[in-house]
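Please read the structure below before turning to the comments.
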Amino acid sequence: MRNRDISKEILEGIKAIKKGKGRRFKVELPSDVKKTRELLRLSQSAFAALMGVSIKTLQEWEQGRRKPSGPASALLRIANKHPDALLS
């Protein structure tokens with residue numbers, strides 16, 4: 001697998017979007033936040049701290065009362081695809 005410079009890719013994407021040339025991708029949010037947390041083998045308190053949210057917010061996500069958005073949804077996608085990236 002080749003090494004990627006994710007930050008460079010993100011910056012290039014932002015520049016392209018600003019020029020009106022950005023590509024849009026449909027991004028799927030993991031539907032089960034609890035499974036994502038369990039994949040990482042973290043307690044609710046540890047996972048909430050990692051995500052930068054309160055335990056109550058995490059519990060509401062896990063119980064389907066609220067949906068993560070913004071940076072939290074991005075971190076959840078990363079956690080699902082590359083769990084080691086969050087734990088290193």
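The values are calculated or read from the model by the stated rules, or taken from the named source; none is laboratory data. If you're wondering where the values come from, they're calculated on a predicted model, not measured in any experiment. Heads up, the Cβs are rebuilt from the backbone with ideal geometry, glycines too, and the neighbour counts pull from every protein chain shown.
Screening I78 with (1) at pLDDT below 90; (2) out of contact with any Leu (no Cβ under 9 Å at 6 or more places or on another chain); (3) β-branched (V, I, T) gives one miss only, at (2). Taking the stretch 39-83 as the range and being among the charged types (D, E, K, R), surrounded by fewer than 16 Cβ atoms within 10 Å (Cβ to Cβ) and farther than 20 Å from I10 by Cα as the test, the residues that pass are R41, K56, R65, R66, K67. Which residue is modelled with the lowest pLDDT, if the candidates are limited to the stretch 23-53 and must be in contact with a helix residue (DSSP H, G or I) (Cβ under 6 Å, 6 or more places away or on another chain) and either among the polar types (S, T, N, Q) or over 26 Å from K67 (Cα atoms) (or both)? My answer is T36. Being without any contact (Cβ under 8 Å) to a residue 40 or more places away in the chain, over 26 Å from I6 (Cα atoms) and touching a Ser or Thr at 6+ places or on another chain (Cβ under 7 Å) is a condition met by no residue of the stretch 40-50.
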